[in-house]
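Input: a single structure, listed below in structure tokens.
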Amino acid sequence: MAYDLEEQEKLDSVKAWWQKNGGWITSVLLVVMLALAGWNGWNWWQRKQATDAALLYEQVQKAVEARDAERIKRSAADMQEKYGKTAYGEMTALLAARALYDAGDLATAKSHLKWAAEHAKREEYRVLARVRLAGVLLDEKAYDEGLALLQDKPPAAFAGVVADRRGDLYAAQGKAAEARTAYREALEAAGKDQGTARQLIQFKLDALGDA
């Protein structure tokens, strides 16, 4: 009998404790469950986005190989609109820009390079987009606009190509002294294994003549 009374007292104590605390415990558990469900849903959505973007990137590659400018533009526009926040967005922008530039569509090539320069997640892609966009502006003789793109200090791995492009822009402007300085910076930054690149930079530097 004492055993039953003791058990009943424990049960009553648990009931009282639950009546007092059960509401907020249930709320906390519900919040945790919703958070886990949301996290799992987010991860699933991220994986689906990456998979779909990969398939679309493959279509862009095939269009580039086929030199189908219209397909490139359509696929690249879809990528930018639907999957621009994935890694494939910046990859597609650079790939499409190069192909469209070669096809003579400078306006669309520039738009993709501008997008990559502003929205690419990885810094190296943003820098590469600015260098290539500055090259297009060099063709258009928009020298000051091109130099403005390259005024920020780039990552060490891109110091050479940025300096080389600045040299091209200065040389086109007839600013030989500034071009020499830029080309010398490019030579200094270029690795010893970049023999062809170093030869080209040295050729452009020699073409400017002595100071």
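Figures for the structure shown
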quantity: Approximate shape of the stretch 150-189 as ellipsoid semi-axes (Cα gyration tensor, √5λ), whole Å, largest first; calculated: 17, 10, 7
quantity: Viscosity 1.002 mPa s, temperature 20 °C, Stokes-Einstein D of the stretch 85-211 from Kirkwood C-alpha radius, µm²/s; calculated: 143
quantity: Stokes-Einstein D in µm²/s, Kirkwood radius over Cα pairs - the stretch 55-125 at 10 °C with 1.306 mPa s viscosity; calculated: 137
quantity: Spin-label pair Glu124/Asp102, simplified geometry with 7 Å Cα→Cβ offset, distance in nm; calculated: 2.2
quantity: Spatially close lysines, pair count over the stretch 43-181: Cα under 21 Å, gap of eight or more or interchain; calculated: 22
quantity: At R0 = 25 Å, FRET efficiency that the Cβ-Cβ distance of Ala87 and Ala156 yields, to 0.05; calculated: 0.65
quantity: Separation of the Leu208 and Thr51 label points, Cα + 7 Å toward Cβ, nm; calculated: 5.4
quantity: Pairwise FRET efficiency - Arg67 versus Ala172, Cβ, R0 = 35 Å, nearest 0.05; calculated: 0.75
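Read the figures in this text as sums done on the coordinates, not as results from a lab. It should be emphasised that the depicted structure is a prediction, and the values quoted were computed from it without experimental measurement. Quick reminder, even Gly has a Cβ in these numbers, built from the backbone with ideal geometry, and neighbours come from all protein chains shown.
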